[in-house]
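Report on the following structure.
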């Protein structure tokens with residue numbers, strides 16, 4: 001059975017990623033790309049659907065022990081897990097070298113103290129846990145083949161066990177180590193070259209450490225910010241600049257429910273927000289790469305802009321269900337592909353144009369291609385902003401006039417106007433100014449509930465929406481506007497969970513099915529970070545700091561966040577790690593730099609004691 005979502009740690013090579021559990025099992029790995037078929041899919045099924053465990057050997061039928069501690073080595077994506085056994089301490093170092101040839105997963109096993117008996121059990125199942133490979137030994141190397149795919153296992157340890165699953169068991173004394181390297185190649189290609197694992201470890205650690213050193217954030221939460229930035233970088237597909245929303249699919253928003261989606265694609269919204277977070281932290285190359293990816297993905301018809309694409313810009317992302325996988329803790333169906341790619345989501349225009357605007361502010365020049373794209377995007381806004389859409393949360397129900405969508409349409413036009421006024425772009429600025437004013441007027445007249453002093457989720461609705469917290473952040477209204485303060489207070493009052501976190505919108509009771517889906521969901525973590533921003537902006541800085549630090553406490557032992565927090569079960573839910581959540585953390589930390597933390601009130605007992 002898979003562990004809790006927060007039991008996993010991420011390693012990756014900027015093209016794919018693996019999820020490593022506390023017991024030393026790799027239970028999710030897609031090769032050779034983020035969106036390829038998984039060869040380890042136990043996370044969404046069981047051990048028979050693919051896993052690779054390395055750790056202390058156990059007796060038959062005994063559950064593998066969990067690591068006593070684990071950390072990333074400094075500011076890197078090199079994971080170290082340690083077990084304390086009755087006879088000694090074992091360390092496993094897991095990493096994936098930034099790719100220069102074949103994708104590789106390297107696992108180095110070392111006895112730190114004493115003597116430890118170690119076991120490595122590799123069970124690969126291609127095609128998302130469905131296809132048993134043909135396993136053979138070729139020139140002293142183990143080769144596992146299924147159709148177009150081949151995986152090669154290299155180790156100095158003796159391989160035994162019944163085919164098709166390579167097994168090793170050996171004893172290490174203090175200071176001794178054994179390395180395992182798993183490499184992928186097309187099955188028709190020659191064997192990949194062997195690598196020197198010690199050199200690969202040093203190169204990998206240096207790559208991440210050097211990259212992290214470029215971070216310009218200098219606030220009080222630097223460790224948390226750098227870990228989030230490393231996570232965001234790890235979700236970037238280096239060959240194209242595309243950014244996945246998460247490296248997993250179908251981790252449920254509701255344990256046992258059906259809110260299970262494939263996040264291994266590039267949402268324009270999510271990627272634009274991630275790009276802005278990276279750019280504000282000093283990472284211009286990632287921003288340039290994503291902007292180039294955007295130009296290629298949009299191609300020659302931005303009027304047909306999709307809300308998401310494949311990591312290389314693919315447009316066809318058909319959604320299907322994998323019936324042979326039971327789902328994480330029985331949360332079926334397991335889905336691959338995402339039908340939301342065909343939705344209309346008007347807010348995407350705002351996030352994309354805002355990203356282009358931020359890039360220009362940070363010195364990325366606008367050329368003729370950017371000018372053409374900008375003009376086409378604003379033309380699309382002009383043609384569509386009065387239409388209903390599915391909104392930021394991708395409802396699978398009727399389209400509505402979502403207030404956040406209209407606000408972000410305004411953002412798109414506003415940023416285009418600012419770029420023209422600053423001579424960073426060209427365009428019919430007077431017409432755009434009139435369009436900007438019309439959208440603003442429409443939202444304020446039709447999206448605001450004067451009786452409750454709050455903006456609502458959609459025109460004429462009673463529901464609230466945490467995305468409305470972005471109204472002051474994007475500059476639609478100033479933070480001291482009474483409508484803004486009323487909206488922030490209403491959202492905090494009506495959408496808060498029992499433990500003080502925030503739902504994105506109501507889904508229970510009278511609001512069940514409001515998004516066209518059954519079941520419930522947890523607190524949405526990026527919305528909680530947006531509340532941190534909003535509280536700071538309206539002057540409630542003490543609450544903002546307190547909430548931010550409570551959110552930091554939700555991170556797992558290696559600093560990672562899922563999409564949501566289940567307040568009833570007190571555990572993470574949703575795909576993991578989630579780019580949205582980590583970009584929210586970075587953004588909130590950057591916001592808090594602008595606001596001093598209020599002094600703590602004196603302890604009354606100490607005051608009385610001093611007076612006595």
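The values are calculated or read from the model by the stated rules, or taken from the named source; none is laboratory data. These numbers come from a predicted model, not from an experiment. No Cβ is skipped: glycine too gets one built from the backbone with ideal geometry, and neighbour counts run over all protein chains shown.
Scanning the range 96-108 for residues that are within 10 Å of residue 181 (Cα to Cα) and touching a helix residue (DSSP H, G or I) at 6+ places or on another chain (Cβ under 7 Å) yields a count of 2. Checking the structure you have, find out if any residue of the range 75-83 is over 28 Å from residue 215 (Cβ atoms) and assigned to a strand (DSSP E or B). Yes. Give the range 477-497 a look and list any residue that's part of a helix (DSSP H, G or I) and in contact with a helix residue (DSSP H, G or I) (Cβ under 7 Å, 6 or more places away or on another chain), or say none. Matches in the range 477-497: 484, 487, 488, 491, 492, 495.
Report whether or not residue 422 is closer than 30 Å to residue 373 by Cα, crowded, with 22+ Cβ neighbours inside 10 Å and in the same structural domain as residue 272 (by TED's automatic domain parsing). Spelling it out, it is not the case that residue 422 is closer than 30 Å to residue 373 by Cα, crowded, with 22+ Cβ neighbours inside 10 Å and in the same structural domain as residue 272 (by TED's automatic domain parsing). In this structure, is residue 281 buried (at least 24 other Cβ atoms within 10 Å of the Cβ), within 18 Å of the chain's Cα centre (by Cα) and closer than 19 Å to residue 473 by Cβ? It is false that residue 281 is buried (at least 24 other Cβ atoms within 10 Å of the Cβ), within 18 Å of the chain's Cα centre (by Cα) and closer than 19 Å to residue 473 by Cβ. Residues that are in contact (Cβ under 8 Å) with a residue 60 or more places away in the chain, touching a strand residue (DSSP E or B) at 6+ places or on another chain (Cβ under 6 Å) and either surrounded by fewer than 16 Cβ atoms within 10 Å (Cβ to Cβ) or within 14 Å of residue 108 (Cβ to Cβ) (or both) within the range 155-185 comprise 169, 172, 173, 174, 176, 177, 178, 179, 180, 181, 182, listed in sequence order.
Comparison of 28, 52 shows that the only residue that is in the same structural domain as residue 182 (by TED's automatic domain parsing), closer than 14 Å to residue 122 by Cβ, at pLDDT 95 or above and surrounded by 21 or more Cβ atoms within 10 Å (Cβ to Cβ) is 52. Check the range 509-519 and report whether any residue there is at pLDDT 95 or above, part of a helix (DSSP H, G or I) and assigned by TED's automatic domain parsing to the domain that holds residue 245. Scanning the range 509-519 turns up no residue that is at pLDDT 95 or above, part of a helix (DSSP H, G or I) and assigned by TED's automatic domain parsing to the domain that holds residue 245.
Go through the range 303-321 residue by residue and tally those that are in contact with a strand residue (DSSP E or B) (Cβ under 8 Å, 6 or more places away or on another chain) and surrounded by fewer than 13 Cβ atoms within 10 Å (Cβ to Cβ). Before you say what the answer is, go through the steps one by one.
Our first condition is that a residue be in contact with a strand residue (DSSP E or B) (Cβ under 8 Å, 6 or more places away or on another chain); within the range 303-321, this holds for 307-313, 315, 317, 319-321.
After this cut, where a residue has to be surrounded by fewer than 13 Cβ atoms within 10 Å (Cβ to Cβ) as well, the list is 320.
Going through the range 303-321 one residue at a time, the tally reaches 1.
Looking at 220, 252, just one residue is modelled with pLDDT of 95 or more, assigned to a loop (DSSP other than H, G, I, E, B) and either surrounded by 21 or more Cβ atoms within 10 Å (Cβ to Cβ) or not assigned by TED's automatic domain parsing to the domain that holds residue 126 (or both), and that residue is 252. Could you tell me whether residue 170 is closer than 25 Å to residue 36 by Cα and at pLDDT 95 or above? Judged against the criteria, residue 170 is not a match.
Tally up the residues in the range 344-391 that are in contact with a strand residue (DSSP E or B) (Cβ under 6 Å, 6 or more places away or on another chain) and closer than 15 Å to residue 305 by Cβ, please.
Taking the range 344-391 as the starting set, the residues that turn out to be in contact with a strand residue (DSSP E or B) (Cβ under 6 Å, 6 or more places away or on another chain) are 344-346, 388, 391.
Checking the rest, the ones that are also closer than 15 Å to residue 305 by Cβ come to 344-346.
Here the count works out to 3.
Residue count for the range 537-557, restricted to those that are free of Cβ contacts under 8 Å to residues at least 40 places away in the same chain, over 24 Å from residue 72 (Cα atoms) and in a helix (DSSP H, G or I): 2.
Listed here are the residues, each with its yes/no results for (1) without any contact (Cβ under 8 Å) to a residue 60 or more places away in the chain; (2) assigned by TED's automatic domain parsing to the domain that holds residue 573; (3) under 15 Å from residue 22 (Cα atoms).
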| residue | (1), (2), (3) |
| --- | --- |
| 63 | yes, no, yes |
| 111 | no, no, no |
| 122 | no, no, no |
| 132 | yes, no, no |
| 136 | yes, no, no |
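Hey, among 588, 562, 534, which residue is touching a helix residue (DSSP H, G or I) at 6+ places or on another chain (Cβ under 6 Å), crowded, with 24+ Cβ neighbours inside 10 Å, assigned to a loop (DSSP other than H, G, I, E, B) and at pLDDT 95 or above?
Working: 588 fails: assigned to a loop (DSSP other than H, G, I, E, B); 534 fails: assigned to a loop (DSSP other than H, G, I, E, B).
Going through 588, 562, 534 in turn, just one is touching a helix residue (DSSP H, G or I) at 6+ places or on another chain (Cβ under 6 Å), crowded, with 24+ Cβ neighbours inside 10 Å, assigned to a loop (DSSP other than H, G, I, E, B) and at pLDDT 95 or above: 562.
Is there a residue in the range 115-138 that is at positive phi and either surrounded by fewer than 16 Cβ atoms within 10 Å (Cβ to Cβ) or part of a loop (DSSP other than H, G, I, E, B) (or both)? Checked the range 115-138: no residue is at positive phi and either surrounded by fewer than 16 Cβ atoms within 10 Å (Cβ to Cβ) or part of a loop (DSSP other than H, G, I, E, B) (or both).
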